[in-house]
Structures are given as C-alpha cells and as structure tokens.
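Beneath this line is the structure, given in structure tokens, with notes to follow.
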Amino acid sequence: MAAFWQNKTLAPSFHYARALTAQYARSFYFSSRLLPVEKRWATYALYGFCRYADNLIDLPRPRSRQELLQELSCLAGEITAAYRSGESEHPIIKSFIFVAQKYGIPEKYAQELIKGVEMDAGFSGYESFAELSLFTYRVAGVVGLMMTHILGYQSEEAFPYAEKLGIAMQLTNILRDIQEDKRIGRIYIPAEELKKFSVSAEDIMNERMTPQLRRLMEFQIHRAHTYYREAEPGIAMLDVDARFSIYTASRIYRAILHKIEQADYNPFTGRVFISDTRKLGMFLHEYLRRR
C-alpha cells in the first residue's frame, strides 16, 4: 500500500506543498527533513496551506484590498466545506485536509490563521504589543498548535509552549524583515514602543540607525529570546522522534537574532540568513547534547 503522500490522487497536492515550503521557508524546510518521513510530509501539507494563505496577501498582485479579502473569504469557506466533507479539490487544501483529519487538527486553528492574514491585508500598524500579539498568535502561534498535533505529544501541557515557540519565530521574522517591510511602507513594531524609545517612523523609513533605535532593537530581541526560553520546556513533551527537529528549528531561528546582535542591532544591513552548513552544525550539536 502506497504511503499517503504517494497516493495517486493526493501526490500532486503534497508535492505542491513541499515546493512552497522549500521556496519560502528554507530554515523550516531544513529542520523538517529531520522528522520521520510521514511527519515530514504532513508538515509540508500544513506549511503549504499556511504559505499559500500568506501569499495571497504578501505577493505583489494587481488586486484591490476588497478583492483580496474576498479571496480569503473563499479560502475560509473552502476550509469549512473540506472539514465537513473530508475532501477538497483545491490544490493546497487537498493535502492539508487529509493531514488535518489524520492528525486531528481542529478547524478553528486554520480559520484563525486566515483571520491573521486578513489582519495583514488591512495593515495600518499596531498601536500596542497586545495588538501585535494577536497578529503573531494568529499567523504563527496557531501554526505551533497545529504542528503539535502532527509531531505527537506526551502531554496536553505541550500546547501552550508550542504557541509560544510559534510567536517567538514570528517576532524573529519581524525583526529580520524590518528593512524589507519598510520598503513596502510597513512597520510592525508597535507605535507605543517606538514612542517609548524615542524612535520615529521616519527613522526607520529613512534607515537612520540612531542610539535610540539600537536600544529599541535590543529590547525587541530580548523579548523574542524570552519567548524562546519560555517555549523550550515544551519540546521535551513532544514525541521523541520529533524533538531534535524542533530543537534545531528553535536554534536556527534564535541564530537570526544573534546575527542581528552581532551587527550591533542594526536592522538595515541586509536580510539575515543562516547557511545550510551552520544549520547542519546546529543539528549535530543538539543531537550530541541531548542524546
């Protein structure tokens, strides 16, 4: 009997999901390859759905905001129908719904993710960290919750930790992408915190690396590190065959923060990335440390 990702009907959707993962999430793709093959393909289906939803908003497209919201509404409707019927002919939902039902992923998480993408479609900045936290929960915290169903867990207590890890990774993405985001007129750091550290939106838009911005970046990075530290105990609650992959993913994402620190907290030096060689070194270090 063929494995589910090799099933003649499902295989095109699974391969599409894997291609999206490889193209848009190199670090995630690397760490997912450390998973057992079944969980690896299930992870591709999950990430493929998440990336597909994000791309509706993130990719430059000649559509109005109303048209984009309508497209997201259709996606949400198809998710509801797929959960009810157990199938979908949508090219990315086809594999996702199979995985969602196989691993018991609740529909509410997929719908929350779509709501997070809707927040991005109407982005006008966030006033407070509470507002930003809702966004990071929807686009990343729920990904951690869905992943936990796939990875397997020893205790229900693993879920809050998984949510924290997802949020930590999204905060890392925000700090890594400050330069790219400002080029399209977006600043995700909350307005209250810009004001607290005497940093103006113009400082960021004009790439002025001031002492005030350095202190703000130090504060933001410290908060992200705190989320990683608070999330780590939950990794030990996952199934044994999934732990090294998630330990490695956490280390790779934290390494992005370390590289920003090494650049004296300057977010305008170009996109930070971690080489595959260094990623492999991190995996081997984690493997030896945690045997």
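The values are calculated or read from the model by the stated rules, or taken from the named source; none is laboratory data. For clarity, every value in this text was computed on a predicted model and none was experimentally measured. Note: ideal-geometry Cβ built from the backbone for every residue, glycine included; neighbour counts use all protein chains shown.
Could you look through region 213-224, keep only residues that are touching a residue at least 40 places away in the same chain (Cβ under 8 Å) and within 29 Å of A158 (Cβ to Cβ), and pick out the one that is surrounded by the most Cβ atoms within 10 Å (Cβ to Cβ)?
Q220
Anything in region 170-181 that is polar (S, T, N, Q) and surrounded by 19 or more Cβ atoms within 10 Å (Cβ to Cβ)? List them, or say none.
The initial filter retains those residues of region 170-181 that are polar (S, T, N, Q), namely 170, 172-173, 179.
The answer is Q170, T172.
Inside region 51-82, can you point out the residues that are closer than 19 Å to V142 by Cβ and free of Cβ contacts under 8 Å to residues at least 60 places away in the same chain? Walk me through it before giving the result.
In the first step, residues of region 51-82 are kept if they are closer than 19 Å to V142 by Cβ; the result is 51-58, 72-73, 75-80, 82.
Once the filter is applied, which keeps residues that are closer than 19 Å to V142 by Cβ and free of Cβ contacts under 8 Å to residues at least 60 places away in the same chain, region 51-82 yields R51, Y52, N55, L72, S73, L75, A76, G77, E78, I79, T80, A82.
Kindly indicate the residue of region 119-146 that is small (G, A, S) and assigned to a helix (DSSP H, G or I) and also modelled with the lowest pLDDT among those meeting that condition. Give the steps one after another, and end with the answer.
So the first thing to find is which residues in region 119-146 are small (G, A, S), and the list is 121-122, 124-125, 128, 130, 133, 140-141, 144.
Still in the list and also assigned to a helix (DSSP H, G or I): 121, 130, 133, 140-141, 144.
Details: A121: 90, A130: 97, S133: 97, A140: 97, G141: 98, G144: 97.
The extreme case among them is A121.
List every residue pair whose Cβ atoms sit under 6 Å apart, with the two residues 6 or more apart in sequence or on different chains, where the first one lies in region 83-109 and is free of Cβ contacts under 8 Å to residues at least 24 places away in the same chain and the second, anywhere, is basic (K, R) and surrounded by 19 or more Cβ atoms within 10 Å (Cβ to Cβ).
If the second residue must be basic (K, R) and surrounded by 19 or more Cβ atoms within 10 Å (Cβ to Cβ), the pairs left are S88/K94.
If you scan region 182-203, which residues turn out to be over 17 Å from Y265 (Cβ atoms) and crowded, with 18+ Cβ neighbours inside 10 Å?
If the condition is that a residue be over 17 Å from Y265 (Cβ atoms) and crowded, with 18+ Cβ neighbours inside 10 Å, then P190 is the only one that fits.
Go through region 74-94 and report how many residues are more than 21 Å from the chain's Cα centre (by Cα), closer than 23 Å to M119 by Cβ and either hydroxyl-bearing (S, T, Y) or outside any helix (DSSP H, G or I) (or both).
3
Listed residues R51, R61, R18; which is assigned to a loop (DSSP other than H, G, I, E, B) and in contact with a helix residue (DSSP H, G or I) (Cβ under 8 Å, 6 or more places away or on another chain)? Please lay out each step first, then the result.
Values: R51 fails: assigned to a loop (DSSP other than H, G, I, E, B); R18 fails: assigned to a loop (DSSP other than H, G, I, E, B).
Step by step, each of R51, R61, R18 is checked, and only R61 is assigned to a loop (DSSP other than H, G, I, E, B) and in contact with a helix residue (DSSP H, G or I) (Cβ under 8 Å, 6 or more places away or on another chain).
Output the residue which, of all residues in region 260-291 that are in contact with a Lys or Arg (Cβ under 6 Å, 6 or more places away or on another chain) and not in a helix (DSSP H, G or I), is modelled with the highest pLDDT. Can you show your working first?
So the first thing to find is which residues in region 260-291 are in contact with a Lys or Arg (Cβ under 6 Å, 6 or more places away or on another chain), and the list is 265, 272, 282.
Now drop any that are not not in a helix (DSSP H, G or I), which leaves 265, 272.
Details: Y265: 97, V272: 82.
Filtering first and then ranking leaves Y265.
Is region 234-250 home to any residue that is closer than 20 Å to E156 by Cα and hydroxyl-bearing (S, T, Y)? Lay out the reasoning, then the answer.
Here is the first cut: in region 234-250, the residues closer than 20 Å to E156 by Cα are 234-247.
In the following step, the residues that additionally are hydroxyl-bearing (S, T, Y) were identified as 245, 247.
For region 234-250, residues closer than 20 Å to E156 by Cα and hydroxyl-bearing (S, T, Y): present.
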